[in-house]
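Have a look at the structure below before the remarks.
The values are calculated or read from the model by the stated rules, or taken from the named source; none is laboratory data. In this text the structure is predicted, and so the values were computed from the model without any measurement. FYI the Cβ positions are ideal-geometry reconstructions off the backbone, even for glycines, and counts take in every protein chain you see. The accessibility values were calculated without ligands, DNA or RNA, using every heavy atom of the protein model including side chains. Shrake-Rupley method; radii C 1.70, N 1.55, O 1.52, S 1.80 Å.
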Amino acid sequence: MRTKYHLHIHYYLYIGVWLLASMLTACKSNKQPVSDAHLAVSGPVGPSFNADSAYRFCEEQCAFGPRTMNSEAHDRCEEWIVKKFKQYGCTVTLQKATLTGYDGTPLKSTNIIASYRPELTSRVLLCAHWDSRPWADNDPDSTNWRKPVMAANDGASGVALMIEMARLLQQIDTLKVGVDFICFDAEDWGKPQWDASETGDDSWALGSQYWAQNTHVKPYNARYGILLDMVGGQGARFYQEGLSKQYAPAIIDKVWAAAKVTGFGSYFPDAEGGYVTDDHQAVNDFAKVPTIDIIPHYPDCQQSSFGPTWHTVNDTMEHIDKQTFKAVGQTVVQVLFSEK
């Protein structure tokens, strides 16, 4: 598996790799396309997503400090996430494993699975990673490269959005499908840019790789999945990620239609943003759930096409935007409550 960000800073994969992946996916996939009847309905549905609440959940995670693997902050944040999902009526399963980092470090990993109405067989998967990058290796100041990242956006934002969604579902119990919220661990331990060792590219997204090959329910079935990665950043726009279009084009159509219906179409341009190997790849390849990645693309940012704070010490609450939370959160509400 390639690193989360191919060569760590480049956003595009070679076309030859894309063609090969397309052929492999065509051979492996056993999922049927989502029908037009499951696309977002023509008018707004569902409750109002509370961006202030999501912002607070993001802030509370950051209050623990960087949630790097094997740290006290990581353990304390795990307890907090579990408590919040249980508070909002979810059944929580902890999937613990000792995974191996790119440098051989044993990583005490926990995938947190919170299920809304686990008795329902018709389900949707929402997921995000909850660990922090241990090295700010894309920081413009090289003296910061070995400092941990607070990960307000690249980690905490996706989890915050899911917790807020669980809170809403407890209050508005009219959803027709069950939802599995999965917080993947050990996503951001991939080899740092300053390490010149010869290491394979499968050192990223370790938690999702583990879950997708060892699902908590066997067999695991969901209509589709949505990965939420960096969904609270200032100035974010969510272009259509290339692997998502390859794996699950109908879900791209569904989500982008929902954004337009809710009035947030400007946040979801009808344009491609490149290819990202992220947690959704393992979910597609191994769990066989058609899953897309809602992830920002900054085409004009020199620091990184993932935005100026990506893998820097500046990924802090000061750069989290409630309006971005609102745009993504209301879009996901629209998608879920359009399900029949």
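Considering segment 58-144, the qualifying strands (runs of 3 or more DSSP E), each wholly inside and each with 2 or more residues that are open to solvent by 30 Å² or more (accessible area, probe 1.4 Å), run over 91-100, 106-116.
Taking segment 283-295 only, how many residues are among the small types (Gly, Ala, Ser) and under 13 Å from Ala128 (Cα atoms)?
Looking only at segment 283-295, we keep the residues that are among the small types (Gly, Ala, Ser), and these are 287.
Right, trim to under 13 Å from Ala128 (Cα atoms) and you get none.
Number of matching residues: 0.
Condition check for Met150 on (1) crowded, with 21+ Cβ neighbours inside 10 Å; (2) within 24 Å of Lys96 (Cβ to Cβ): one failure, at (2).
Out of the residues in segment 166-186 that are in a loop (DSSP other than H, G, I, E, B) and in contact with a Lys or Arg (Cβ under 7 Å, 6 or more places away or on another chain), which is modelled with the lowest pLDDT? Spell out the reasoning first.
To start, the set of residues in segment 166-186 that are in a loop (DSSP other than H, G, I, E, B) comprises 172-177, 185-186.
From what's left, in contact with a Lys or Arg (Cβ under 7 Å, 6 or more places away or on another chain): 176-177.
Values: Lys176: 95, Val177: 98.
My answer is Lys176.
Of the helices (runs of 4 or more DSSP H) lying entirely inside segment 194-282, those containing at least 3 residues that are open to solvent by 20 Å² or more (accessible area, probe 1.4 Å) and under 30 Å from Gly101 (Cβ atoms) span 206-213. Scanning segment 290-309 for residues that are within 23 Å of Leu336 (Cβ to Cβ), open to solvent by 10 Å² or more (accessible area, probe 1.4 Å) and touching a residue at least 60 places away in the same chain (Cβ under 8 Å) turns up at least one hit.
Summed over segment 169-183, residues that are farther than 17 Å from Arg123 by Cβ and open to solvent by less than 10 Å² (accessible area, probe 1.4 Å) total 0. Here Asp315 qualifies as closer than 21 Å to Ala51 by Cβ and outside any helix (DSSP H, G or I).
Considering the conditions (1) over 16 Å from Ala40 (Cβ atoms); (2) free of Cβ contacts under 8 Å to residues at least 24 places away in the same chain; (3) of a type in the set (Gly, Ala, Ser), Gly273 is excluded by exactly one of them, (2).
Is segment 98-113 home to any residue that is touching a Cys at 6+ places or on another chain (Cβ under 6 Å) and either modelled with pLDDT of 95 or more or closer than 25 Å to Tyr224 by Cβ (or both)?
Residues of segment 98-113 that are touching a Cys at 6+ places or on another chain (Cβ under 6 Å), as a first pass: 112.
Applying the additional criterion that residues be either modelled with pLDDT of 95 or more or closer than 25 Å to Tyr224 by Cβ (or both) yields 112.
There is at least one residue in segment 98-113 that is touching a Cys at 6+ places or on another chain (Cβ under 6 Å) and either modelled with pLDDT of 95 or more or closer than 25 Å to Tyr224 by Cβ (or both).
Taking the conditions (1) charged (D, E, K, R); (2) within 13 Å of the chain's Cα centre (by Cα); (3) closer than 30 Å to Ser338 by Cα in turn, Glu187 satisfies each one other than (3). Every condition in (1) polar (S, T, N, Q); (2) within 21 Å of Gln330 (Cα to Cα); (3) open to solvent by 20 Å² or more (accessible area, probe 1.4 Å) holds for Thr316 except the one numbered (2). Scanning segment 286-297 for residues that are more than 21 Å from Ala257 (Cα to Cα) and in contact with a Ser or Thr (Cβ under 8 Å, 6 or more places away or on another chain) returns Ala287, Lys288.
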